[in-house]
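Below is one structure, written out as structure tokens, with a few remarks after it.
The values are calculated or read from the model by the stated rules, or taken from the named source; none is laboratory data. The model shown is predicted, which means the values in this text are computed figures rather than measured ones. Ideal geometry is used to build each Cβ from the backbone, glycine not excepted, and the neighbour counts take in all protein chains shown.
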Amino acid sequence: MDEPLIHHGGAPPGASPPVLAARGVAKAFGPVEVLTDVGLALAAGEVHAVIGENGAGKSTLMKLISGHLAPTRGAIEIDGEAVHFAGPVDAESRGIVLVHQEILLAPHLTVAQNIFLGRELKRGLMVDDRAMNAQAAAALRQLGVDIDPRALVSRLSIARRQLVQIARALAVPHRVVIFDEPTASLTPIETEALLKVIRALKARGVAILYISHRLPEVAAIADRITVLRDGRLIATRDADTLSPVEMARLMVGRDMAQLYPQRSEAPPGAIALEVRDLSVPGFAADISFTLRKGEILGFAGLIGAGRTELIEGVTGLRPAHGAVSVEGRPIRLGSVRESMQAGIVYLSEDRKGKGLLLGQNLRVNLTLAALRRFLRHGFIDRQAEERELDAAIGAFDIRARRKEMLAGQLSGGNQQKLLLAKMMLLAPEIVIIDEPTRGIDIGTKQQIYRFIAKLAAEGKAVIVISSEMQELIGICHRILVMRAGRLVGEVAGEAMTEDEIVVHATGVSAMAGDASMRAAQP
Amino acid sequence: MTDEARPLDLDKDGGRSGLARFFGEIDMAAVAPFIALAALFLLGALLNPNFLTTNNLMNVLTRSSFIAIIAVGATFVISAGGLDLSVGSSAALVAGIMILFLNGGGLDGGTLLIGAAMGVAILVGGLAGLANGAVTVLGRIEPFIVTLGTMAIFRSVTTWLADGGSIAVKSPDVRGLLRPIYTGTVFGLPVPVLIMAVVGLVGAFILYRTAFGRHVIAVGSNEDVARYSGVHVGRVRALTYVIQGVCVAIAVIVYVPRLGAATATTGLLWELQAITAVVIGGTALRGGVGRIWGTICGAFMLEVVGNIMVLSSLVSEYLIGAVQGVIIVIAMLVQKSLMRRS
């Protein structure tokens, strides 16, 4: 792509060659080409976002640029010269640094020990902790974050671990920093703090490649945006010429005007779930709320506010005390099975860790929770299981290469659909979904929103926990906000705005980056 | 970010040839132990013509039955992500108590006594397993440590019961009644081999066809996912140890007629052999995969190796342990490379 390097990001225009460029790169695995003739040029001081659905080729492109993979065709250029990376370490030595999506830190080491892991500073034979602590503190200050380098990583919130990970990546000399979905597990306020860090890097002339699913955030940070679809380059545009809706349209290849389905305005039904004075020791205290049939109730709050733990208390997954009743009948707390039998299902935010058996096939996963339905004379009826899998693949649009594949080989969106199918086999009346679209591409998001709306329209009661406020506002009838283990607010109707939710969630009335960052700590 | 998010036709298979597709669908990890066994047969036949005689093979199969029966139980424990190091010691304890019961006489010393002694054995074995399971589950302690402890306890109690020596079946009549359990044949098949086959069949049925078996695999794959799916994780885990205990007892019932005595060294290192059989049979030590027939094949392989060494005198038979050790390491390497391929 021979586009002129014009951008409004402040870096000097076009005279010098791009810091980093991909020229017509392609990558094939066996006979399958997953990336075809993609070009991308990155200038110093530019934030260049790459967006696309899962499978669009973002990861592959990033791996080519960071030396994890070698292109089958085309070339990577640094300062206009073609280079061949021997591996990620080689790319890193040339100043190209990748910040991984997953947190890859040793929890029982300190922040400084993690930052210098594998490249410890030494004095003679001894590790020089004092120097490492000092340098780590300086590096963290440079990122504008206030973290004690001597703190154990296991004591930090996820958001702060992410910042440590960034500090670690930036501890080597860097000219290009690649962020792979850095905000996937961050709340809006934590995201804002991260974006501040990225702006600081940009001001220092670092070139940034930013991969994300979250379009509003891309619009907020990017100078230019490259859209990939099905392994091909669809467009590279200046960010201010693209609205999030247009981005979505380019990504999906069709009109995405209506991401959120029409909210049913049917009168609320009878009370399905009533929670009275429920406490989950250490996480949530004195929570009371009701949920009606046909209602979609949202739970908003910062990470660590206790939303997930509260629901785990309601569903018997965590010790809790208080009263929970389903359609007026009290249920015993502390038993997952009893809560399931009462008609409650809970889909964990941690799909890979708590939702699906990644090493088992789709059939085993699908029927695990409702295995009783597939017993004939006490034995599992495999044919019935197979039939149910066929039905689920159709009904939930699960895109599986082979029916025998493992759940871990599915993409995030398809894993979520499989998890939905699995829990729906229990024929629940109350469906609780935690972070329904985390790490899921926009096309699948839309499908999942429609599915949630359909559940409510059928008279089921639905609870959605989400850190994406837009999502809650888009699909819920009513939103409860939690802060530090307590229910602090309820918004509905016209009052359902991000500002209103943030005020409740943080207890402060303005989005003040650093202050709220500290408030986000557990 | 995976690359299969495109709609794909389930009936097509990306242009792979029919043959490649056929082999692709065979689970190599499941077949590997049987291929290895076939290779051993070939080796044995080449080294000594007597190896492939029915007589020799039946002999080997009979001798492998104790470990095979115990290893079927171990397959449950290991597939559920647990481990039981105490099987050898509990075999000694069960044998000791069973013989003491037989020596206590009563019940006219006839077949009724033998039957009751078997019942006692199963009960003691089951209780020993329950103890392992209960401490592991309720105390939330690593099974490695729990069963290391019970291994010492069972062994030591047996030594104490035997007063440092051996507990032997006293009555010659009882001994006579017991003997056919080891030496007898039904339709030409030795009784221990039949018992092993029945244990294998029942085990395979439980593991592959019942909800409990599916739950064992689920717990071994990921305990959290099982819990979030409404599986009683603790109960499933504890039951696998009870199954292990009962399997040990069945093995002891076949073993006591063979030697007629229990000593402080009865069942020594059986836990290693059982775990080896399970692992070379294709069951994953980290849990989530269980292969009953692979386990029985593994137990058989261990005995075949010993047999070939005795028949061929290529390697001193004192090195049997070393060769078995090499086999387990090779089996793990093969498993690993198969896993990487898939």
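General observations
- Unmet requirement for A:Arg307, which otherwise passes all of (1) buried (at least 23 other Cβ atoms within 10 Å of the Cβ); (2) within 14 Å of chain B (Cβ to nearest Cβ): (2)
- Residue check, A:Arg373 among the basic types (Lys, Arg) and either under 27 Å from A:Gly459 (Cα atoms) or facing chain B (nearest Cβ under 9 Å) (or both): yes
- When A:Val245, A:Val227 are checked against the criterion of being in a strand (DSSP E or B) and under 21 Å from the mean Cα position of the chain (by Cα), A:Val227 stands alone in meeting it.
Conditions (1) more than 25 Å from A:Ile189 (Cβ to Cβ); (2) in contact with a helix residue (DSSP H, G or I) (Cβ under 7 Å, 6 or more places away or on another chain); (3) not assigned by TED's automatic domain parsing to the domain that holds A:Gly304, marked per residue:
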| residue | (1), (2), (3) |
| --- | --- |
| A:Phe116 | yes, yes, yes |
| A:Leu121 | yes, yes, yes |
| A:Gly124 | yes, no, yes |
| A:Arg141 | no, no, yes |
| A:Ile147 | no, yes, yes |
| A:Ala151 | no, yes, yes |
| A:Arg155 | no, no, yes |
| A:Arg160 | no, no, yes |
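- Here the condition is being on the phi > 0 side of the Ramachandran plot and of a type in the set (Asp, Glu); of A:Asp128, A:Asp37, it holds for A:Asp37 alone.
- Meets criteria (assigned to a loop (DSSP other than H, G, I, E, B) and facing chain B (nearest Cβ under 9 Å)) for A:Ala427: no
- Consider region A:352-370 and keep the residues that are assigned to a helix (DSSP H, G or I) and more than 10 Å from chain B (Cβ to nearest Cβ). The one that is farthest from the chain's Cα centre (by Cα) is A:Arg363.
- Among the numbered conditions (1) under 18 Å from A:Asp180 (Cα atoms); (2) more than 22 Å from the chain's Cα centre (by Cα); (3) more than 11 Å from chain B (Cβ to nearest Cβ); (4) buried (at least 19 other Cβ atoms within 10 Å of the Cβ), the only one that A:Ile76 does not meet is (1).
- Count of residues meeting criterion [assigned to a helix (DSSP H, G or I), within 9 Å of chain B (Cβ to nearest Cβ) and under 12 Å from A:Gln416 (Cα atoms)] in region A:330-351: 0
- Some residue of region A:88-104 being more than 27 Å from A:Leu42 (Cα to Cα), under 24 Å from the mean Cα position of the chain (by Cα) and surrounded by fewer than 21 Cβ atoms within 10 Å (Cβ to Cβ): no
- Among the candidates A:Leu98, A:Leu64, A:Leu69, residue that is in a strand (DSSP E or B) and within 14 Å of another protein chain (Cβ to nearest Cβ): A:Leu98
- Spans of helices (runs of 4 or more DSSP H) in region B:202-303 with at least 3 residues away from chain A (no Cβ under 14 Å), touching a Ser or Thr at 6+ places or on another chain (Cβ under 9 Å) and buried (at least 23 other Cβ atoms within 10 Å of the Cβ): B:233-259, B:270-280
- Looking at B:Leu130, B:Leu100, B:Leu123, just one residue is assigned to a helix (DSSP H, G or I) and touching a strand residue (DSSP E or B) at 6+ places or on another chain (Cβ under 8 Å), and that residue is B:Leu100.
So that you can scan it fast, the table gives a plain yes or no per residue for (1) under 17 Å from the mean Cα position of the chain (by Cα); (2) modelled with pLDDT under 95; (3) not hydroxyl-bearing (Ser, Thr, Tyr):
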| residue | (1), (2), (3) |
| --- | --- |
| B:Val199 | yes, no, yes |
| B:Val216 | yes, no, yes |
| B:Ala249 | yes, no, yes |
| B:Leu259 | no, yes, yes |
| B:Trp270 | yes, yes, yes |
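- Set side by side, the residues A:Glu349, A:Glu385 differ, and just one is in contact with a Leu (Cβ under 8 Å, 6 or more places away or on another chain) and either more than 19 Å from A:Lys460 (Cα to Cα) or not assigned by TED's automatic domain parsing to the domain that holds A:Lys293 (or both), which is A:Glu385.
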